[in-house]
Number of protein chains: 4
Amino acid sequence: MNYSKTFHFPIQIYYEDTDFSGVVYHPNFLKYFERAREHVIGADILAALWQDQGLGFAVYRSDMLCHDGVEFADIIDVRTQFFFESKYRTVWKQEIWRPNASKPAVTATIEMVCMNKARQLAPMTPSLLALLSQSFDSVVTT
Amino acid sequence: MNYSKTFHFPIQIYYEDTDFSGVVYHPNFLKYFERAREHVIGADILAALWQDQGLGFAVYRSDMLCHDGVEFADIIDVRTQFFFESKYRTVWKQEIWRPNASKPAVTATIEMVCMNKARQLAPMTPSLLALLSQSFDSVVTT
Amino acid sequence: MNYSKTFHFPIQIYYEDTDFSGVVYHPNFLKYFERAREHVIGADILAALWQDQGLGFAVYRSDMLCHDGVEFADIIDVRTQFFFESKYRTVWKQEIWRPNASKPAVTATIEMVCMNKARQLAPMTPSLLALLSQSFDSVVTT
Amino acid sequence: MNYSKTFHFPIQIYYEDTDFSGVVYHPNFLKYFERAREHVIGADILAALWQDQGLGFAVYRSDMLCHDGVEFADIIDVRTQFFFESKYRTVWKQEIWRPNASKPAVTATIEMVCMNKARQLAPMTPSLLALLSQSFDSVVTT
């Protein structure tokens, strides 16, 4: 398994993110993970992919572990790595870190599939594969 | 101004609706008002209108007053009346009532416009106008 | 593993639930699962548990598989079963079924822990355990 | 009426922000306005105000006009000005601008009140008033 480099994306926690228990409402973590993935690929690239080629990404599986509560006014660091499983699938390993934490508050493995507008599996385009491949550190093979 | 009859729609308040201050996060009230409007018109009718005729409703203006906090586990009563301003526009007077309250917790006036998929103003269809007209009590004129 | 009976909870899909791809935005499925769990336990019981005893439930793990898109105006059936793992933990097997479907659109296994307001693990109260135990069909053993 | 200077706050539009009509779901605009207000005051200051003094801000009134749809991948500019109505109340004039637009997509007037944890009106603290007063351009009076 060849993982991409780690991407960092900061997110501020607002009123809207919390619930009356005082911490972030857990489905919102999936939103943060998606925002971070959109920044890895590029929202403008995702928009063009949808409009020009009718392709998009859908979450097939998300397995998330919540180790610690995240609080209002926190600025979290969303850490993201991914690998290619096939030309249809990418798997994303993502974590949420609170400021000054020694371990992640939330960890997740999220499997994405590429789909057309009829919601059928579709291969990622060569240009998208090329773009995403830039996220991998160069490997020297001899 | 000829208002429709009053529609009642109950909504349960869940974790997802609150924020860390302990009460409902205010933008969610606009969601409840929209759910109630969708039940007046019929979600299946709205879905068909979009798919078959490319028409939908958009909020042009929402003026909302929050008088009282709404709490987790409340079952609120969303009260809805509307009137036709033109064949393009409807105006909705909506209120949120907590259980056993003597006055509404939230009140709003919401102006909706009918639009096509290019987001241009479009007249409501005759069948939609006929449907919505059934919400008005018959008026006896002599 | 002794599973509870299956609970059914209907949820209507509104505008707010979808995204521009035309189907339900995936983190919302976690909201629906939670609403259904709240109905199994009782929102008023959860509210009293928090206010009177400072206890609440937190999602420790959610593992979700999205098999099919769910659309605007669908009325889904959320099916819920759970079992006790310990006096601190319950595990919930939940599914989302679209109307007339032959298989679930979404399936999930969700692990809940009971916590106090300091976010430390706390045992469920005897009355809560007794309440939840009523969800199990009587087992005849000979 | 003495308005503060104009604050600018950029927000990226993600999947989560849109609905199946293809544009931002209107209650989300109220979220963006609140995020922008939180950045004017400072989320850490709001968090401390709540924890140390039991004070928070609640929306009393929001009057919003939606002139234009906002789309996925847009990076909007939220423009914010406010004035003091009393030591209990601030009024916020906020706008959402799409990239390269010649007029705002959404405009709103939002009235905030300062409240204690019992949800009673409370005056803003002197330090908060002093902080917010820094947002006003110096006025030369002769």
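Every number here is computed from the coordinates shown, using simple stated rules; none is lab data. If you're wondering where the values come from, they're calculated on a predicted model, not measured in any experiment. Neighbour counts are summed over all protein chains in view; Cβ atoms, including those assigned to glycine, are modelled from backbone coordinates with ideal geometry.
Details
- Residue list for the stretch A:104-135, restricted to those being out of contact with any Phe, Trp or Tyr (no Cβ under 8 Å at 6 or more places or on another chain), closer than 28 Å to A:Asp77 by Cα and assigned to a loop (DSSP other than H, G, I, E, B): A:Gln134
- The stretch A:81-103, subset among the polar types (S, T, N, Q) and in a strand (DSSP E or B), residue nearest to A:Ser62 (Cα to Cα): A:Gln94
- Qualifying residues in the stretch A:30-64 (those that are surrounded by fewer than 18 Cβ atoms within 10 Å (Cβ to Cβ) and acidic (Asp, Glu)) - the one nearest to C:Asp68 (Cα to Cα): A:Asp63
- Residues of the stretch A:12-61 that turn out to be more than 18 Å from B:Asp17 (Cβ to Cβ), within 14 Å of chain C (Cβ to nearest Cβ) and assigned to a strand (DSSP E or B), as a count: 7
- All positions within the stretch C:1-29 that are of a type in the set (Phe, Trp, Tyr) and surrounded by fewer than 16 Cβ atoms within 10 Å (Cβ to Cβ): C:Tyr3
- Exactly one residue out of C:Tyr60, C:Tyr25, C:Tyr32 is hydroxyl-bearing (Ser, Thr, Tyr), farther than 20 Å from B:Ile45 by Cα and touching a residue at least 60 places away in the same chain (Cβ under 8 Å): that is C:Tyr32.
Residues checked against (1) away from chain B (no Cβ under 14 Å); (2) closer than 23 Å to A:Tyr25 by Cα; (3) surrounded by 15 or more Cβ atoms within 10 Å (Cβ to Cβ); (4) in contact (Cβ under 8 Å) with a residue 24 or more places away in the chain:
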residue: C:Cys66; (1), (2), (3), (4): yes, yes, yes, yes
residue: C:Ile76; (1), (2), (3), (4): no, yes, yes, yes
residue: C:Gln81; (1), (2), (3), (4): yes, yes, yes, yes
residue: C:Tyr88; (1), (2), (3), (4): yes, yes, yes, yes
residue: C:Pro104; (1), (2), (3), (4): yes, no, yes, yes
residue: C:Arg119; (1), (2), (3), (4): no, yes, yes, yes
residue: C:Pro126; (1), (2), (3), (4): yes, no, no, no
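- Residue in the stretch C:81-91 that is over 22 Å from A:Ala105 (Cα atoms) and small (Gly, Ala, Ser) present: yes
- Every residue from the stretch C:90-102 that is of a type outside the set (Ser, Thr, Tyr) and either over 30 Å from B:Asp44 (Cα atoms) or touching a residue at least 60 places away in the same chain (Cβ under 8 Å) (or both): C:Val91, C:Trp92, C:Lys93, C:Gln94, C:Ile96
- Yes/no for C:Phe82 being in contact with a Phe, Trp or Tyr (Cβ under 8 Å, 6 or more places away or on another chain) and aromatic (Phe, Trp, Tyr): yes
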